[in-house]
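The values are calculated or read from the model by the stated rules, or taken from the named source; none is laboratory data. Being a predicted model, the structure only gives us computed values, none of them experimental. Here the Cβ positions follow ideal geometry from the backbone for every residue, glycine too, while neighbour counts run over all protein chains shown.
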Amino acid sequence: MTGQFHYEKDSDNIVTVTMDMSGPVNAMNDEYIELMSATVERLEKERDDIAGVVLTSAKKTFFAGGDIKNMLKAEPGKDEEGLFLMCEEIKGMLAKLEKLGKPVVAAINGAALGGGYEICLACHHRVALNSSAVQLGLPEVSLGLLPGGGGIVRLVSKLGVEKAIMPLLEGTRFNVAKAQAAGLIEEVADTPEEMMAKAKAWIKANPEANNPWNEKGFKIPGGDMRNPNVAQMVQGAIPMLLQKTRGLVPAPARILDVIANTLRVDFDTAMRIESRGLAALVTTPQAKNLMNFFMQMNQVNGGGSRPKGIDKTAVKKVGVLGAGMMGQGIAYVSAKAGIEVMLKDISQEAADKGKAYSEKLLEKAVAKGRMSEEKKAGILGLIKATASAEDLQGCDLIIEAVFENVDLKHKITKELEPMLADNGVWGSNTSTLPITLLAEPSQKPENFIGIHFFSPVDKMPLVEIIVGEKTSDETLARAFDYAQQIRKTPIVVNDSRGFFTSRVFGTYIDEGALLIEEGLSPALIENLGKAIGMPVGPLAVQDEVSQQLTIKVNETNRDLDERAGQEPAPETAAYRLARRMIDNGRGGRAHGGGYYDYPEGGEKELWPELENWFYNKGVSLPQQDIKDRLLFRQIVESLRCFEEGVMNNVPDSNIGSIMGIGFPPHTGGVFQFINTYGLQAFVDRCNELSEKYGERFTPPQLLLDKAKNKENFA
Ligand code: NAD
């Protein structure tokens, strides 16, 4: 099918241009350039016979933005000039459209993000359809890019720096109401017909429309760089940016640079600086990694790991066993997705407490104006807090989130599995216990699966689905569908201790503990953890998950070794330190303090006593070694997971590492990091670290093979 920009003139001489490109969405690529330039040419030619133009889309989205697949192909040192010229060409057409001399209105019937919203900005007026599918904004920064179709220069010129700076630096995606409040659009319509009517009415009322920046004597609202308040705002953004990016991603600084230039030079020059900025960013490794992340995220959410040929299912009634920290969160996200929930604990009181958690979260949403009382009542009404097994009758899914104890989990499986509806699925939210072991007492082990949530459940976007030895494809598909039903991203892993995320995450904590034992300064370790882009240092992480958990995981592993008749694995540094910390009453954040003190109302501070235990001024390591130890340890462990078949594919691993562990997004995830570093270079560095610091860095065979064959992780 060839794409088209349909061109229709009505009896009032208003032309409606409906973008209908050949792909599933309208996107900024060669076809767009061809169609848009032909359209603009025709409009210019017929200018005297038309009253105005409405630009809209035949697709569900208005316009999707840049073509990521194409941008990923761009090579550094080679393609920048071509990218610059392409930006200029795209801008040239939009400039012609806005200078047509006739009013041009964007009728925004679907999402207009990035390039889509840049087209809207070049129009003279914007009417959006009031629908949850319509999102607006310039989120390029999240891909390591900047809006290069005039988005920065026009938004700053339209709104002034004060209102434009955060949406540009943070890449905010606005819904219709928020977009209108922020000044991104001017009008809202409830139906497509009303949208078109409003667009045409505006054209009739504004026959001479022009954008203010094309008028003589134009001044940016709020002033330009000569205004001290404006200059201060731009300067103030620099430290804020650095604190956020830690200097690891170039896009935000480049966006700020274009903003500053928009406030300093004339419109056309600023436009060229913007094009150069995008051309320079596209080929940076950070942009490539973030774009790769975006593509792999689509693969994962598109069902890349869901077994093929099985019909999609939806859960109607879910039983959640254990109304503790995890169970209450699982109940909340399930009810929010419209699923009936039976939240069961050992007493009515404990179950009620679990339900109260949902009430608290919903109340907050109502107080913030994000939810109506009616909606809140509806969601709460779906959760039944109970101590009675009877209520579980007919659940199509039961998820257990009771204490992490094999015998207890076996007991409740035996007791409560018969309550499931025919062919119902039993999910365990264990964080460490093998699913195959937990499934032993099950009457239907093919319907038994791991559904591992992250804490806090309502905020963490990932679910790790664990396939036991006997789990069927159908059960996997149903767990996958449930995860998507509650709007989480599911990755699929095979059964092993710690599965993928906990296992890799544990190595970050353990490497931090090893560095402490070696005598390095706790503050240095924490700072370097953040400097590599992890959300917090390894000691802060340990405090969050609690020292008890580390002890528990170690004890569980020893117990499992014993059950399997194996020699117990050697003690880890994290375990040794956790024991000593607990002996000193330092169980972690939830226990009143751990590696850190948590003063009421103040910032956390490292516990001073920790330095007295191991810190040795005489010990010093190259900072790069410390940084690499904290990163490479996680990556080598991920490679082992891949080699052992715990992980099935690269996208799940990359996405899981970023969304479940907090691995730095600009690396694109654990395996994309290796691609960017270069496989052989990564092998060499692993060997160096292994020689200096121990075998835990020895490159696994799978990596050696890939490096030898010059294959990337794809
Ligand atoms: P928790 O101690 O907060 O809650 C456990 C709840 O289970 C308690 O309310 C307890 O009364 C209830 N319970 C015990 N026996 C029961 C029974 N027979 N029937 C019904 N309820 C019973 O624990 P948690 O942190 O919510 O962890 C629960 C599970 O989730 C564990 O397997 C844990 O490993 C796993 N998990 C925890 C985290 C985390 O960050 N805390 C993350 C992922 C997975």
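A few notes on this one:
- Of all residues in segment 461-474, those that are out of contact with any Ser or Thr (no Cβ under 6 Å at 6 or more places or on another chain) and closer than 16 Å to I491 by Cβ total 5.
- Every test in (1) of a type outside the set (G, A, S); (2) within 15 Å of the ligand (Cβ to nearest atom); (3) more than 23 Å from E446 (Cα to Cα) is passed by I491 save one, and that test is (3).
- Residue satisfying condition, being in a helix (DSSP H, G or I), surrounded by fewer than 24 Cβ atoms within 10 Å (Cβ to Cβ), assigned by TED's automatic domain parsing to the domain that holds I33 and in contact (Cβ under 8 Å) with a residue 24 or more places away in the chain, within set L168, L97, L155: L97
- Picking from residues in segment 424-446 that are at pLDDT 95 or above and small (G, A, S), the one that is nearest to the ligand (Cβ to nearest atom) is S428.
- Single condition V318 does not satisfy, out of (1) under 27 Å from the mean Cα position of the chain (by Cα); (2) within 12 Å of the ligand (Cβ to nearest atom); (3) of a type outside the set (D, E); (4) part of a strand (DSSP E or B): (2)
- Listed by position, the helices (runs of 4 or more DSSP H) enclosed by segment 329-423 that each have at least 1 residues that are more than 13 Å from the ligand (Cβ to nearest atom) are 348-367, 373-381.
- A search for C-beta distances below 8 Å between a residue of segment 394-405 that is assigned by TED's automatic domain parsing to the domain that holds G322 and modelled with pLDDT under 95 and any residue that is polar (S, T, N, Q) and within 8 Å of the ligand (Cβ to nearest atom), counting only pairs 6+ apart in sequence or on different chains, returns E404/T430; E404/S431; E404/T432.
- Helices (runs of 4 or more DSSP H) within segment 574-671 that include 1 or more residues under 22 Å from the mean Cα position of the chain (by Cα): 623-643, 650-656
- Test: residue in segment 602-612 that is touching a helix residue (DSSP H, G or I) at 6+ places or on another chain (Cβ under 8 Å), modelled with pLDDT under 95 and over 27 Å from V457 (Cβ atoms): yes
- Condition check for K375: at pLDDT below 95, within 29 Å of the chain's Cα centre (by Cα) and either more than 30 Å from E474 (Cβ to Cβ) or not β-branched (V, I, T) (or both): no
- The residue list N211, N229, N206 contains one member that is surrounded by fewer than 16 Cβ atoms within 10 Å (Cβ to Cβ), in the same structural domain as G148 (by TED's automatic domain parsing) and either touching a residue at least 60 places away in the same chain (Cβ under 8 Å) or within 26 Å of the chain's Cα centre (by Cα) (or both), which is N206.
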